[in-house]
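The values are calculated or read from the model by the stated rules, or taken from the named source; none is laboratory data. All values derive from a computational prediction rather than experimental measurement. We place every Cβ from the backbone using ideal geometry, glycine too, and count neighbours over all the protein chains shown. SASA here: full protein model, heavy atoms, side chains in, ligands and nucleic acids out. Shrake-Rupley method; radii C 1.70, N 1.55, O 1.52, S 1.80 Å.
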Amino acid sequence: MSAVTANEGETPREEGVVHVHGPLQAVAAASLAIACWALVGLAVVEVWQVVTRYVLDSPAAWTEPVALLLLKIALMLGAAVGVRQETHFRFALGAAAAGQWRGPLEAFGRLATAAIGVVLAVWGASLMVATWELKSPGAPLPTGLSFVPFVVGGALIALFAVERLRGGKGS
């Protein structure tokens, strides 16, 4: 059995991922697609960085800040989808061993995850606003743009954790 268990009324797939149906399913699918495309973009940017540095002997300055932005996008959106599928920020081992306390422990875990998402979104928004006017070194992008993935990802983490808390069911 996988480390990830399904709750009552949910069916884990072979690899242990719980697929959740509900009104936020399209948001999660779009988030996952964007995260995947960000990883593809990251690979392309890194290849270009190597080509310009070692083949053309003229490194492109914009590749590092763009690669970091794409990495943050992929990580934060991927983490949010992981929260929805309960494969990320999950206290499965403790809850599974808790017996009659399983429900309250899972609720606590989901509340803690939602709180983490809110903190990421709020602090990310604060940093985004505070640094928006600064230009990133090497790329004509505002420095505040690098905090947008934390704002969006944190909000999605909180939203998906609350959805699970309210009884989002998997299949």
Look at residue 67 and say whether it is in contact (Cβ under 8 Å) with a residue 60 or more places away in the chain and open to solvent by less than 70 Å² (accessible area, probe 1.4 Å). no
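Rundown of residues vs (1) crowded, with 18+ Cβ neighbours inside 10 Å; (2) modelled with pLDDT of 90 or more; (3) in a helix (DSSP H, G or I), yes/no style:
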| site | (1), (2), (3) |
| --- | --- |
| 73 | yes, yes, yes |
| 80 | yes, yes, yes |
| 87 | yes, no, no |
| 90 | yes, no, no |
| 93 | no, no, yes |
| 107 | no, no, yes |
| 113 | yes, yes, yes |
| 123 | no, yes, yes |
| 127 | no, yes, yes |
Taking the range 145-171, which residues are at pLDDT below 95 and not polar (S, T, N, Q)? 160, 161, 162, 163, 164, 165, 166, 167, 168, 169, 170
Identify, please: which residue in the range 129-143 is more than 20 Å from residue 67 (Cβ to Cβ) and not in a helix (DSSP H, G or I) and is, among those, least open to solvent (accessible area, probe 1.4 Å)? 132
Is it the case that residue 147 is assigned to a helix (DSSP H, G or I) and buried (at least 20 other Cβ atoms within 10 Å of the Cβ)? yes
